[in-house]
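Colleague: So that we are looking at the same thing, I have put the structure below in structure tokens.
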Amino acid sequence: MTEAVLSLDGISHRFGPIQVLFDVDFDLRPGEVHALIGENGAGKSTMMKILGGYLAPSEGDVLLEGKPVRFASLRDAEAAGIIMIHQEFNLALQLTVEENIFLGRELWRGPFLDHKAMQAQSRTLLERLNCPLDPREKVSNISVPSRQMVEIAKALGRNARVLIMDEPTAVLTNRETDILLEQIERLRAAGTAILYTSHKLDEVKRIADRVTVLRDGHRVKQADVGQLTEHDMAEAMVGRELSDLFPDKATPQDETVLEVKGLTVPGHIKDASFKLHRGEVLGFAGLVGSGRTELMEGVVGLRPATGSIKVGGKALKPGSVLAAREAGLVYLTEDRKEKGLLLGKSLRENLTLLALDRFTRVAIDSRAEDRALTRAIEEFDIRAGDRRMMAGNLSGGNQQKLLLAKTMLAEPDIVIIDEPTRGIDIGTKQQIYGFISRLAAQGKSVIVISSELPEVIGLASRVVVMASGRIAGEVEGANITEDAILRLAMGLSERRAEAV
Amino acid sequence: MTEATLGAPGRAKLRRLNFHVLGPLLALIVLIILGAMLNPNFLSYGNVTNVLARSAFIGIIAVGMTFVITAGGIDLSVGSMAAFVAGVMILFMNSLIPYLGIGIPLIMAGMGVAIITGFAAGWMNGFLISKVNIEAFIVTLGSMGIYRSLVTWLADGGTLSLDFELRSLYRPVYYDGFLGVSWPIIVFAIVAILGELVMRHTAFGRHCAAIGANEQVARYSAVKVDRARMATYMLLGMLVGVATIMYVPRLGSASGSTGVLWELEAIAAVIIGGTVLKGGYGRVWGTVVGVLILSLIDNILNLASIVSPYLNGAIQGVIVILAVVLQRENKSAD
Ligand SMILES: Nc1ncnc2c1ncn2[C@@H]1O[C@H](COP(=O)(O)OP(=O)(O)OP(=O)(O)O)[C@@H](O)[C@H]1O
Ligand SMILES: [Mg+2]
């Protein structure tokens, strides 16, 4: 057995009066991929931050090669070869890809920055990740998955001895995930110790050597991955038996509630048309960058678009999110940090922002808001240590639940959910799937955009597939298979590749 | 994050309460005690009325500024705007004497003109900022110059004076009051109370804070970002109009040097009061405290001859910087 490079000895941690980690022991060995799994709010990110030197534990020791350490700064941790990729991005949005990759360790040439060398190296790193990004692009202009790839490139560029990744694959598609896993294997072979979390248990099964399970801040299990099935892991996480992940599909009615005809979003979408029926769960699949998000943002008025959009037979006023909401159409963004939640504000203010007029006559009825928060915490099982805390202090998964609660508070008839279970644990996923299908059963209509194919397949009664800004096709009923969807999603892009 | 705050979050909470919520209030109380100790006349009816009435102009404007800053904006033009509004108002009233005669209707008409002019000026700023998408700093830097030069031009480089007879009729609006409280103080109090209610308890106030905190999130949450942002500038313009209505009867004139540096005083008051300069969080009561702190410093320096009143600006500057430092302390404690 190799000796641990980084370990925890009796770590406990409190945020204010709330204890989130209880006497946790842990060790990470060189050349292993170690998966840390657990429900939302179990304390995974907190434990990783303690390992990565971002957070000083309330009790216990962090040991580097057996010796207690206390990193005074991130620089110290980095100098010791410990690199961490956060669950929430840590990129400077106004800087370019290259500037981000080299942030804090810029290359110089005499008194000047050596942009040429940095760009070349950035390009090599990105190529290793199969990610054709221009290093000169501003990070604010690139998509969420690309940002993740930049984060990974940034970490790869720092020659880590220990690499800690908090849900790196949450925002990636299968293809990108594969590339990342390949890189992880490469690092493992080179002797790097890798710790990572994911709510995708199939991925854990595939790549990890050992698994540690956290539940409510306690370490409840540690084992070699071979000894556990996915089902075992899931049950260890939630601490109860789990039934089927997906509920039965509801049958949609004939009535069309949303009809989009010839929608063009300049620069993103060409001539897209589709229909949504009452009581239907309609899936939208496609590769990242195929324009699913842009299409829906065009539909709800967040992006300038031309074409016709009819809600319940009536034309929708273009370019107005408010008009869409009043017509019963809402969109839940995939980017909860930049577009979904006000991280520095309370849960209550976040919850009611979209539907504020329902709480307002002349003044806002803050008692009604409080009641709504109580209901939301119950209904969506939001685990907040303190209901007055800031939204930014919720665990990632619980932020997603808050965002869902906020959207549903507007009582929409049509909900467009972009990546509904990004960063959500398996138990909660099941709750959210149940919730979506109940909505459909109540006669509401749901569009689910997801990069996780099993999710689209398990939920939707019909799936629209997009490729390079167009609608490539549609599959229905028993024809919804991974194969059929992928063929549509790739087909067009391959043909285009030939044409170029 | 520092170890101290991690280890003792309870203490951190207490400290935040002290500095952030009570800080400005404590500073105000200290100033009042200091003033009372230095000069027995400090707490006299005359002095208190004088301080409060003079604070009223800046105060009324600063209440509007609180909304602009909370929504992530800034308005540098309010001082020149006040001068311009005063100039327009005086010209208008003088030229209407033949038609309306010297009486209440003429004064009402003048007040109407002041409010409309302020509103229009604010609309112009808001339009350029939110619809044409030019940065607030640039737009209001530009309009600051424009209004200042316009009023100088209207006055032909000199002073615009209200007709003498009209002035005596209008004077009570500044110098008289109701139950011993002078009108500017009453108006300031009403504006402040309404402002606090709007900021804290209406959708508009909530939307301003949301826009200032993260404009994207606001947009995705069906907030009419452009409209709300424009409304903050229009509200501020209108309040500049109200402040001018209270100001004109005091001197009965306007010139190129009217309202110089008011914008900075208003912004300083907002910041001292605990509103975050880059937006996202604002409180009107804090602004009121900020205004009072600034004018008390001025008053105390004038009454007590320990420090030269010429150092007034320096002391105010130190206080503004201190307020921002305390704000940041609070940030890192989160
Ligand atoms: N700065 C903070 N202040 C107060 N509470 C916090 C803070 N950061 C985290 N918490 C709380 O600590 C608990 C553990 O959070 P953590 O982020 O470690 O969960 P997680 O296991 O990573 O969950 P997820 O899968 O949702 O990302 C949560 O209940 C969270 O609300
Ligand atoms: Mg986490």
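Colleague: What net charge is computed for the residues neighbouring B:Gly110, neighbours being all others with C-beta under 15 Å from the C-beta of B:Gly110, Lys and Arg scored +1, Asp and Glu -1?
Modeller: +1
Colleague: Shifting gears a bit: How would you order B:133-140, A:104-111 from highest to lowest mean count of nearby Cβ atoms within 10 Å?
Modeller: Peptide ranking by packing, descending: B:133-140, A:104-111.
Colleague: Tell me, how many Å apart are the Cα centres for the range B:158-181 and for the range A:1-68?
Modeller: Computed from Cα coordinates, the inter-centre distance equals 72 Å.
Colleague: Also: Indicate, rounded to the nearest 5 percent, the antiparallel portion of the DSSP beta bridges found entirely in the range A:256-489.
Modeller: Looking only at bridges with both residues in the range A:256-489, the antiparallel portion is about 55 percent.
Colleague: Separate question: When the chain is fully extended, how far beyond the present Cα-Cα distance does A:Glu3 get from A:Arg128, taking 0.36 nm per residue of separation?
Modeller: Full extension from A:Glu3 to A:Arg128 adds 42.0 nm.
Colleague: Separate question: Tell me the label-point distance for the pair A:Leu322, A:Asn141, using the 7 Å Cα-to-Cβ offset, in nm and rounded to one decimal.
Modeller: 3.2 nm
Colleague: A follow-up question, please. Show me A:153-159, A:335-341 ranked by packing, highest mean number of other Cβ atoms within 10 Å first.
Modeller: By packing density, highest mean first, the sequence is A:335-341, A:153-159.
Colleague: Let me ask something else. Using only Cα atoms, find the angle between the long axis of helix A:366-379 and the longest principal axis of chain A, and express it within 0 to 90 degrees, rounded to the nearest 10.
Modeller: 70 degrees
Colleague: Shifting gears a bit: Which cross-chain or sequence-distant (5 or more) residues have an amide H under 5 Å from the amide H of A:Gly60, H modelled 1.01 Å from N in plane?
Modeller: Amide H neighbours of A:Gly60: A:Ser12.
Colleague: Taking amide hydrogens as modeled 1.01 Å from N in the peptide plane, which residues meet the under 5 Å criterion relative to A:Leu21, leaving out close sequence neighbours?
Modeller: Long-range HN contacts for A:Leu21: A:His13.
Colleague: On full extension of the chain, what length is gained from A:Asp114 through A:Asp254, given 0.36 nm per residue of separation minus the C-alpha to C-alpha distance? Present the calculation step by step, with values, prior to reporting the outcome.
Modeller: Details: separation 140, 0.36 × 140 = 50.40 nm, distance 6.26 nm.
Gain on extension, A:Asp114 to A:Asp254, equals 44.1 nm.
Colleague: Across the residues of B:200-206, average count of Cβ atoms on other protein chains within 10 Å? Kindly include the intermediate steps, with their values, before the conclusion.
Modeller: Working: counts 3, 6, 6, 9, 3, 2, 8.
So the per-residue partner count for this stretch is 5.
Colleague: Let me ask another. Mind checking A:333-345 for the average number of partner chain beta-carbons within 10 Å of each residue's beta-carbon?
Modeller: 5
Colleague: Sticking with this one: Mind listing the phi-derived Karplus ³J(HN,Hα) values for the range A:280-293, rounded to whole Hz, using 6.51, -1.76 and 1.60 with θ = phi - 60°, and x for any glycine or proline?
Modeller: 9, 10, 9, x, 10, 10, x, 6, 4, x, 7, x, 5, 5
Colleague: Using r as the Cβ-Cβ distance of B:Asn50 and B:Leu141, and R0 as 25 Å, what FRET efficiency do you calculate, to the nearest 0.05?
Modeller: Approximately 0.15, to the nearest 0.05.
Colleague: Once phi is turned into θ = phi - 60°, what whole-Hz ³J(HN,Hα) does the Karplus curve with 6.51, -1.76 and 1.60 give for every residue of the range B:186-192, x standing for Gly and Pro?
Modeller: 4, 4, 4, 4, 5, 4, 5
Colleague: Can I ask one more? Could you work out which residue, out of B:Phe164, B:Phe127, B:Phe92, moves most in a Gaussian network model of chain B, that is, has the largest mean-square fluctuation with Cα springs under 10 Å?
Modeller: Among B:Phe164, B:Phe127, B:Phe92, the largest GNM mean-square fluctuation belongs to B:Phe164.
Colleague: Give me B:Tyr99, B:Tyr233, B:Tyr281, A:Tyr433 sorted ascending by neighbouring Cβ count inside 10 Å, so fewest comes first.
Modeller: By the 10 Å Cβ count, ascending, the order reads B:Tyr99, B:Tyr281, A:Tyr433, B:Tyr233.
Colleague: Another question, if that's okay. Under a 5 Å amide H to amide H cut-off, with H placed in plane at 1.01 Å, what residues pair with A:Gly312 once short-range neighbours are removed?
Modeller: Here the answer is A:Leu258, A:Glu259, since their amide H atoms fall under 5 Å of that of A:Gly312.
Colleague: Fewest Cβ neighbours within 10 Å first, please rank A:Ile194, A:Ile101 accordingly.
Modeller: Values: A:Ile194 23, A:Ile101 26.
Starting with the residue having the fewest Cβ neighbours, the order is A:Ile194, A:Ile101.
Colleague: Using only alpha carbon pairs under 8 Å that are at least six residues apart, calculate the relative contact order of the range B:26-332 and give it in whole percent.
Modeller: 34 percent
Colleague: Next question, about the same structure. Which pairs in the list A:Lys200/A:Lys249; A:Lys200/A:Lys406; A:Lys138/A:Lys339; B:Lys131/B:Lys224; A:Lys200/A:Lys221; A:Lys310/A:Lys429 are over 20 Å apart, alpha-carbon to alpha-carbon?
Modeller: Values: A:Lys200/A:Lys249 23 Å; A:Lys200/A:Lys406 25 Å; A:Lys138/A:Lys339 18 Å; B:Lys131/B:Lys224 12 Å; A:Lys200/A:Lys221 18 Å; A:Lys310/A:Lys429 31 Å.
Table pairs above 20 Å Cα-Cα are A:Lys200/A:Lys249; A:Lys200/A:Lys406; A:Lys310/A:Lys429.
Colleague: Rounded to the nearest 0.05, what FRET efficiency do B:Tyr175 and B:Ile97 have when you use their Cβ-Cβ distance and R0 = 22 Å?
Modeller: Approximately 0.50, to the nearest 0.05.
Colleague: Looking only at other chains, what is the average number of their beta-carbon atoms within 10 angstrom of each beta-carbon in A:353-362?
Modeller: Partner-chain Cβ atoms within 10 Å, mean over residues of A:353-362: 4.
Colleague: Here's a follow-up. List, in order, the whole-Hz ³J(HN,Hα) value for each residue of the range A:408-423 obtained from phi through the Karplus relation with A = 6.51, B = -1.76, C = 1.60 and θ = phi - 60°; use x for Gly and Pro.
Modeller: 6, 5, 7, 6, x, 8, 10, 10, 9, 10, 8, 6, x, 10, 4, x
Colleague: I would also like to ask the following. Which order do the peptides A:414-421, A:71-78 come out in when sorted by mean C-beta neighbours inside 10 angstrom, highest first?
Modeller: Order by mean packing, descending: A:414-421, A:71-78.
Colleague: Still on this model: Arrange the following residues from fewest to most other Cβ atoms within 10 Å of their Cβ: A:His34, A:His218. Write out the running numbers ahead of the final one.
Modeller: Details: A:His34 21, A:His218 15.
Fewest-to-most Cβ neighbours within 10 Å comes out as A:His218, A:His34.
Colleague: I've got another one for you. Only bridges with both residues in the protein assembly as shown count here: give the DSSP antiparallel percent, nearest 5.
Modeller: Antiparallel bridges make up about 60 percent of those DSSP assigns within the protein assembly as shown.
No value in this document is a laboratory result; all are computed from the given coordinates. Since the model is a prediction, treat every value here as computed from it, not as a measurement. Reconstructed Cβ throughout: ideal geometry from the backbone, glycine too, with neighbour counts over all protein chains shown.
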